[in-house]
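Report on one structure; see the data block that follows.
The values are calculated or read from the model by the stated rules, or taken from the named source; none is laboratory data. Everything numeric in this text was worked out from a predicted model, so none of it was measured. Please note: Cβ atoms are built from the backbone with ideal geometry, for glycine as well, and neighbour counts cover all protein chains shown. Side chains included, ligands, DNA and RNA excluded: accessible areas come from the protein's heavy atoms. Shrake-Rupley method; radii C 1.70, N 1.55, O 1.52, S 1.80 Å.
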Amino acid sequence: MARTINSGRTRDGWLFVAPAFVLLAVFLAFPVLMALWVSVSDWRGVGSPFSGDVGFVGAENYSNILTGGSLQQRDFGTAMRNNVYYVLFVVPIQTALALALAVLVHHRALKGRGFFRTAFYFPSVTSAVAITVLWLFLFNSSGAVNAALGWVGIDGPNWFGDARGIFHTALGAVGVDAPAALTEHRMLGISWWEWLAGPSFAMSAFILLAVFTTSGTFMLLFIAALNNIGEEVDEAGMVDGAGAWQRFWHLTLPMLRPTVFTVLTLGLIGTWQVFDQIYTGTQGGPAKTTLTPAYLSFQASFNSQRWGEGAAIAFILFAIIVLLTLFQRWALREKS
Amino acid sequence: MTARRPAWWLYVVLVLLAVLYILPFLIDVATSFKTEPEAASNPISLIPQTFTTAAYERLFTEVAFPTWFKNSVVVTLFVTAGRVFFDSLAGYALARIPFRGRGLMFAILVAIMAVPNVVLLIPKFLVINQLGIYNSYAGLIVPLLVDAAGIFIMKNFFESIPVAVEEQARIDGAGTFRMFWSIVLPMARPALVTIVILSFQGSWNELSHFIVAANDPELTNLTKGVAQLASNQLGQGTKYPLKLAAAAVMTIPVAIVFLVFQKRIMNTSGGAVKG
């Protein structure tokens, strides 16, 4: 009797999870395996990748991207450089801003707390497409941002049309221009000097966009953490006569460390996936300075019909993100 | 001990920041009611000198905005309904039904959640193409019908409610599905509302899936249509008022959902951070 009940439970269990898992298997697990095959094949986008005339080419697609000085390698190197700068700027700025916003709106007796939270969080719920459209307008050469810069006497750049790297521009202003030692050596097909360009003005506008849309989300994580800490610690510090800044630096911040860490790694993972903004805004331009691995993978496959290389880029990106995720798990385990 | 009143400078800082966060949206709406020359010559003013609804009229005549809007509504409705049903069904089984293979299923679920969306662009296209549902509503909707994160949320919720009611129903002889449908689901309303909000927001704002699932203009949704409009794939010219009107209209539904469910969204969004 007990046995039949249990086997009935197993049947019910499988029936309940079946629809969801069949869908996830067909549209997530199976496609990943299929793309893995495409990344080691010479499929050109015609017919089924499983048909007889599609051949196995080993690691050729991967080596085309990673070695050899080909155009594909230079594009991949450029995309990596662009995304590295995007990560280096977005992650620290969004984390610091989110923390600052959370601390500011956390004040218990603050009037209009709800209003401020709503204002800061609203950009996070809107679509990347709508915000990018808005950004294209705000940052056009005669747009609102440059109009505002003009009030303080700054002649703003044509942001989304300006391929100059901000580090190159700053170095150029003090008279440094492409030293031979840096232009001779290459990494992933582009010279060290190119690696040091910094984000272009176009990419800088995307960096500001990312900060605008994610700081509110991460602010909520910090607010939740601040609520968990409670006010007692802060009040104890106040009794001891510590100033507001000292209390924040020596009492609050150490207790927020796990959340800071979570926000940093979520940011690291998220910033490697930037696609929607690039597709809507610049398609990788100007001069490929907003190309990202995610967009390059799409472009190589859907526009250039180099499906093997596109899939290979996607898996390299996947590997980067998995490593960052594992790093997060490992580091959080150390803490607890 | 009562909290001290915040210093005046805190309000100054917060108001300035709030203006920075809100102003772009106000400029969006204001510019959508301007003429094209005025949008270019005076990009920052919030009050149009010549108020015109021409941009909104052009949404109907110049681009297929109504079609995009309709497709977004259709897809969002089906996806949201599908996720509410399938996510809660699977989440319930994983939380409550002790069946063989449950641990494995859960491990697969966690692994799937770690796969980033942008990595799936090519794979999704390949399988949609292979199944012959490219350029169909099925291709737009079916791959989005289930999401691993939603199953996870439902599983956590079911684990947090007491089992006593279900045990009573089992003694009364109710079958598993009947019990799930008429007893468990009604109790799960708060979690279901969370799934509805996340699914609505997720599928309304989704772009990459629709790019790879269809290229038929009749199946274009809002995000794809507006993205193509923005990148001038649909003709030349700046057309800022038109583009900003499109961006404003596509934001209205998420803004309404956000304002209605504000409290709940702000309390649950920790589990749904977007990249």
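General remarks:
- So A:VAL145, is it exposed (fewer than 15 other Cβ atoms within 10 Å of the Cβ), among the aliphatic types (A, V, I, L, M) and out of contact with any strand residue (DSSP E or B) (no Cβ under 7 Å at 6 or more places or on another chain): no
- The conditions of being within 10 Å of chain B (Cβ to nearest Cβ), in a helix (DSSP H, G or I) and either in contact with a Gly (Cβ under 7 Å, 6 or more places away or on another chain) or surrounded by fewer than 20 Cβ atoms within 10 Å (Cβ to Cβ) (or both) are met by A:ALA25.
- Filter result for B:LYS224 (assigned by TED's automatic domain parsing to the domain that holds B:LEU89, among the basic types (Lys, Arg) and under 18 Å from the mean Cα position of the chain (by Cα)): yes
- For the range B:97-140, the tally of residues that are on the phi < 0 side of the Ramachandran plot, within 10 Å of chain A (Cβ to nearest Cβ) and assigned to a loop (DSSP other than H, G, I, E, B) stands at 8.
- Among the residues of the range B:9-28, not a single one is assigned to a loop (DSSP other than H, G, I, E, B), hydrophobic (A, V, I, L, M, F, W, C) and open to solvent by 30 Å² or more (accessible area, probe 1.4 Å).
- For the range B:80-97, the set of residues classified as of a type in the set (Phe, Trp, Tyr) and free of Cβ contacts under 8 Å to residues at least 12 places away in the same chain consists of B:PHE85 only.
- Among the candidates A:VAL84, A:VAL91, the residue that is assigned to a helix (DSSP H, G or I), within 13 Å of chain B (Cβ to nearest Cβ) and of a type in the set (A, V, I, L, M, F, W, C) is uniquely A:VAL91.
- Residue check, B:LEU77 open to solvent by 70 Å² or more (accessible area, probe 1.4 Å), assigned to a helix (DSSP H, G or I), more than 10 Å from chain A (Cβ to nearest Cβ) and within 30 Å of B:PHE177 (Cα to Cα): yes
- Residue match in the range A:46-64 (condition: touching a strand residue (DSSP E or B) at 6+ places or on another chain (Cβ under 7 Å), assigned by TED's automatic domain parsing to the domain that holds A:ILE316 and farther than 30 Å from A:VAL263 by Cβ): no
- Residue that is farthest from A:ILE229 (Cα to Cα), among those in the range A:100-141 that are more than 7 Å from chain B (Cβ to nearest Cβ) and among the basic types (Lys, Arg): A:LYS111
- Scanning the range B:29-45 for residues that are touching a residue at least 12 places away in the same chain (Cβ under 8 Å) and open to solvent by 80 Å² or more (accessible area, probe 1.4 Å) yields nothing.
- Residues within the range B:188-222 that are open to solvent by less than 10 Å² (accessible area, probe 1.4 Å), within 25 Å of B:ARG264 (Cα to Cα) and among the polar types (S, T, N, Q), tallied: 2
- Residue count for the range A:46-66 satisfying the condition of being among the aliphatic types (A, V, I, L, M) and open to solvent by less than 10 Å² (accessible area, probe 1.4 Å): 1.
- Odd one out for A:GLY69 among (1) under 29 Å from B:HIS209 (Cβ atoms); (2) surrounded by fewer than 17 Cβ atoms within 10 Å (Cβ to Cβ); (3) not hydrophobic (A, V, I, L, M, F, W, C): (1)
- Test: residue in the range B:228-242 that is crowded, with 17+ Cβ neighbours inside 10 Å, of a type in the set (D, E, K, R) and at pLDDT below 95: yes
- Yes/no for A:PHE222 being among the aromatic types (Phe, Trp, Tyr), surrounded by fewer than 19 Cβ atoms within 10 Å (Cβ to Cβ), modelled with pLDDT of 85 or more and over 30 Å from B:ALA246 (Cα atoms): no
- Among the candidates A:TRP43, A:TRP37, residue that is part of a loop (DSSP other than H, G, I, E, B), surrounded by 15 or more Cβ atoms within 10 Å (Cβ to Cβ) and not aliphatic (A, V, I, L, M): A:TRP43
- Taking the range A:24-80 as the range and being of a type in the set (Ser, Thr, Tyr) and under 23 Å from the mean Cα position of the chain (by Cα) as the test, the residues that pass are A:TYR62, A:THR78.
- Restricted to the range A:248-319, the set of helices (runs of 4 or more DSSP H) holding at least 3 residues that are open to solvent by 50 Å² or more (accessible area, probe 1.4 Å) comprises A:257-271.
- Contact map, the range A:161-179: first residue within 22 Å of A:ILE278 (Cα to Cα) and polar (S, T, N, Q), second residue open to solvent by less than 60 Å² (accessible area, probe 1.4 Å) and modelled with pLDDT of 90 or more, Cβ cut-off under 7 Å, separation 6 or more or different chains; the map is empty.
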